[in-house]
Amino acid sequence: METIINYRFKLDRSSKKYICPQCGKKELVKYKDAAGNYQGDEFGRCDRADKCGYLRYPDTVSESTSDYVAPVRKPQVYFPKEYLQKTRKNFDQNVFLQNMEKAGIPSEKIKKVEDYQVGTITKGKYAGGICFPYIDKHNRVHSVQVKVFNSENKTIDQNWLHSILYYHFKASGNIPQWLTDYHNNEKKTNCFFGEHLLEVYPSKEIIIAESPKNAILGSFILPEYLWMASGSLSTLSVNKLRKLKGRKILLIPDTSPESVAFDQWKLICDEAVEAGIKVQMCRFIEDMATENQKAAGYDIADYVMDLLKEDPKLFKAASKEISAPVPARKEYNSDNLKAFAGEILEECDSLPAEVLLNKIRDSKHFAGENPIDVVSQMRLKNIIDCTSFNTYFLFNSTPF
């Protein structure tokens, strides 16, 4: 009787990349078997999902088996709603919400925060913290972020509710199976904060900020929009924005020195527009923040709190300015763009986004121009391309 070996293949989780057999770029993540052995060069997934999309599972059969078991992708395990529900009380102990009340935000606006299904931690190290749940449009809870704020509304501690529960159950010697399964998720969060409200407010245009805190405070000043959050600067992607296709979207990242954060989201925005998504950038916070404020990561939440300190009546006056989109980008001559790209990107070479943007800023060819517009034009005209690690290379070359 032949021995049957049931193979289970997983994508390599290291940073190693190989040549993709379809597009020829060094962006292929290969499959490994249960013993950690790499499979053939043709088996893997290309990380250039939008430009290539190559995917092939291992389809060879071991010599010692007559059966082959296809790779099984583990289903996503979601966070149980009952544990989130247990936090949805004791708002009088919620420092974040109490700060809003003390700042003079009307109670009816604070009440609307419950739309986001926020909760409160009442005991232990994170007592007084607020729970920010990430719930998708199918009403499934992906994760729950816990943040503790001080009286100035600055974060002083943070964690995830599943981690807090894990240590709680571990101390009692009884970790439930769902929590073990949840920990084994390859990726726990794959939705926007506030995504579950898409069906509740089907006609509202959307504003996406970085953090849940920014989304909530932004909703106080512009309630006519549906405010959502990506979770961080790095977790916004074109694939995530595809979920919102058909809706009008405005992006407001935090500020940063030399506009690094804005530029990063602008590149994603331009790629999303190319994919048919109705999305624009908002420059208001970026343009009004001082250099010192940018160094401190000034954001929409800081702006709202500053308005409250100055005069709560300024809320309405600021609304039109915040919602004004970025002007249409400038067109550049293709030959000039090709010549410039050839100067700074040698064949088979690549540059990180920040380095590329700085080279454009320092170039005499584009003095005073917006470097993001230059990069966007070079991408749209197939002069340069981008890897999943946000590095850029000449379109017809392979970055090594």
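What follows is calculated from the coordinates using simple rules that are stated; it is not laboratory data. Being a predicted model, the structure only gives us computed values, none of them experimental. Every residue, glycine as well, gets a Cβ built from its backbone with ideal geometry; the counts of neighbours run over all protein chains shown.
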* Starting from the Cα of Asp335, step 7 Å along the direction of its Cβ; do the same at Ser14; then give the gap between the two resulting points in nm. => 4.8 nm
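Taking the Cα centre as origin and putting +1 on Lys and Arg beta-carbons and -1 on Asp and Glu beta-carbons, what dipole magnitude results for region 141-234, to the nearest 20 debye?
On the way: 7 positive and 9 negative charges, 58 e Å.
Charge dipole of region 141-234: 280 debye, to the nearest 20.
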* **Residue-by-residue Karplus 3J(HN,Hα) for region 291-307, coefficients 6.51, -1.76, 1.60, Hz, glycine and proline x** => 4, 5, 5, 5, 5, 8, x, 3, 9, 5, 5, 4, 4, 4, 5, 5, 4
* Distance from the Cα centre of region 208-226 to that of region 337-366, in angstrom? -> 36 Å
* Asked: Over region 80-239, how many percent of alpha carbon pairs lie in each 10 Å bin up to the one with the longest distance?
  -> 10, 39, 37, 12, 2
* By how many nm would the segment from Thr235 to Glu152 grow when fully extended, if each residue of separation counts as 0.36 nm and the alpha-carbon distance is taken off? -> 27.3 nm
* Got a sec? Charge dipole of region 334-394, +1 on Cβ for Lys and Arg, -1 for Asp and Glu; which of Leu356, Ser376, Ile344 is way out at the positive end? -> Ser376
* Listed here are the pairs Lys81/Lys213; Lys81/Lys125; Lys17/Lys266; Lys86/Lys137; Lys111/Lys170; Lys213/Lys364; which of them are more than 31 Å apart at the Cα? -> Lys111/Lys170; Lys213/Lys364
* **Virtual paramagnetic centre 7 Å along Cα→Cβ of His168, amide N under 12 Å, in region 77-108** => 82-88
* Which loop-located GluC sites (Glu not before Pro) does region 119-199 contain, where loop means any DSSP state but H, G, I, E or B and the Cβ has at most 12 other Cβ atoms within 10 Å? -> Glu152, Glu186, Glu199
* To do: State the answer as a single residue: which of Leu179, Pro257, His168 lies farthest towards the positive end of the charge dipole of region 139-261, with beta carbon charges of +1 for Lys and Arg and -1 for Asp and Glu, about the Cα centre.
  => Leu179
